[in-house]
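See below for the structure under consideration.
The values are calculated or read from the model by the stated rules, or taken from the named source; none is laboratory data. The model shown is predicted, which means the values in this text are computed figures rather than measured ones. Positions of Cβ are generated from backbone atoms using ideal geometry, with glycine treated the same way; all protein chains shown enter the neighbour counts. Just the protein is used for accessible areas: all its heavy atoms, side chains included, with ligands, DNA and RNA removed. Shrake-Rupley method; radii C 1.70, N 1.55, O 1.52, S 1.80 Å.
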Amino acid sequence: GDPGWFTRLLTIRDTTRPDGSPVISEAAIEALRRRGVDEELIQAEYYCSFAGGVHGSYFSEQLRLMEQDGRLTRVPWETALPVWTAWDLGIGDSTAIWFYKTIGREVRFIDFFQTSGEGLPFFVKMLRDRPYVYAFEHLAPHDIEVRELTTGKSRKETALKDYGLRFRAVPKLGKDEQIDAARRIFSRCYFDTGKCEVGMNALGNYHMEWEERRQAFNRTPYHDWSSDAADAF
């Protein structure tokens with residue numbers, strides 16, 4: 001919005017020579033596809049897609065289709081519907097929280113929050129400071145039921161007894177199952193591009209680990225800043 005800057009987005013479809021012919025043709029792009037160039041790289045480099053993520057991204061194709069379908073948009077919060085939250089808990093790592101509501105089969109993500117080094121009281125206040133009316137329970141990973149040595153109580157018990165925050169532990173799944181389940185739900189999702197921008201960037205960057213010796217991707221996700229948001233999703 002700064003009037004001192006000029007910006008323009010031009011894909012290969014907008015960029016032509018003086019005679020009107022394309023600088024890079026669609027046929028050239030099809031040739032790249034036949035050579036095995038990854039679609040997310042093609043979309044980012046030639047069609048200026050911001051949903052492409054990084055090489056080896058688990059969810060880049062799903063985000064690209066969402067962008068194409070207009071499901072990366074503004075998602076208003078409707079006061080008549082309860083807001084659910086899905087958490088990935090961390091102390092050393094970040095705690096990531098998705099805020100969403102369901103309408104029929106649609107899952108509409110209206111907000112995202114992530115920070116590190118904070119305890120449960122901080123997040124209780126953060127939830128209360130937002131205007132949402134929450135569902136009767138919040139979703140958390142299975143380790144919320146692990147009992148702490150100092151108190152003998154789990155974080156799930158502490159949250160309910162001390163703060164009135166009711167958590168439900170979701171089933172423990174392997175990484176492959178988690179990723180597959182996430183991919184299958186994308187076709188039903190909408191994201192608010194303003195409030196969920198950080199979380200969406202994380203999903204686009206969540207990627208496979210690259211093994212230099214084999215010059216190939218492992219099946220193991222690479223653990224970095226994007227992992228907590230992806231796990232919460």
Quiz item: Under 17 Å Cα-Cα from Lys101, which lysines qualify once same-chain neighbours fewer than 8 residues away are excluded?
Solution: Lys195
Quiz prompt | Helix-only [θ]222 nm of the chain, DSSP H runs n ≥ 4, -39500 (n - 2.57) each, per residue, nearest 500 | solution = -9000 deg cm²/dmol
Quiz prompt | Amide H partners (placed H, <5 Å) of Thr193, local residues excluded | solution = Thr73, Arg74, Val75
Exercise. Please work out whether the chain counts as rounded, prolate or oblate from its C-alpha gyration tensor, where a ≥ b ≥ c are the square roots of the eigenvalues and a/c under 1.5 means rounded, while otherwise a/b larger than b/c means prolate and anything else oblate?
Key: prolate
Self-check item: Against the rule of thumb 2.2 N^0.38 Å, how large the Cα Rg of the range 17-70 comes out
Solution: 1.26
Quiz item: Dividing the alpha-carbon Rg of the range 35-166 by 2.2 N^0.38 Å yields what?
Solution: 1.32
Quiz prompt | Where labels lie 7 Å past Cα in the beta-carbon direction, separation of Ser25 and Thr11 in nm | solution = 1.9
Practice problem: Quote the relative contact order of the chain in percent (integer), defining contacts as alpha-carbon pairs under 8 Å separated by 6+ residues. | Solution: 22
Quiz item: For the range 81-233, what is the accessible area per residue in Å² when the probe is 1.4 Å?
Solution: 54
Quiz prompt | Anchor Lys172: aspartates and glutamates whose Cα lies under 16 Å away (excluding residues fewer than 8 positions away in-chain) | solution = Asp88, Asp143, Glu145, Asp180, Asp228, Asp231
Practice problem: Kindly write out, for the range 196-206 in residue order, the coupling ³J(HN,Hα) from the Karplus curve 6.51 cos²θ - 1.76 cosθ + 1.60 (θ = phi - 60°), rounded to whole Hz, with x marking Gly and Pro. | Solution: 9, 4, 5, x, 5, 4, 5, 4, x, 9, 5
Quiz prompt | Straight-distance crosslink candidates among lysines, where the alpha carbon sits under 16 Å from Lys125 and sequence neighbours closer than 8 are dropped | solution = Lys161
Quiz item: Taking only Cα atoms, what is the 0 to 90° angle, nearest 10, from helix 175-185's long axis to the longest principal axis of the chain?
Solution: 70
Quiz item: Of Met208, Met126, which has the most accessible area with a 1.4 Å probe, and how do the rest follow in descending order?
Solution: Met208, Met126
Quiz prompt | Carbon plus sulfur fraction of accessible area for the range 43-139, probe 1.4 Å, in percent | solution = 53
Self-check item: Residue-count net charge about Ile97 - beta-carbon cut-off 11 Å; Lys, Arg +1, Asp, Glu -1
Solution: -2
Quiz item: Along the three principal axes, how long is the range 92-151 when you take its alpha carbons, biggest first, rounded to the nearest angstrom?
Solution: 43, 23, 21
Practice problem: Go through the range 8-21 residue by residue and turn each phi into a ³J(HN,Hα) via Karplus (6.51, -1.76, 1.60, θ = phi - 60°); whole Hz please, and just put x for glycine and proline. | Solution: 8, 9, 10, 8, 5, 6, 9, 10, 10, 7, x, 7, x, 6
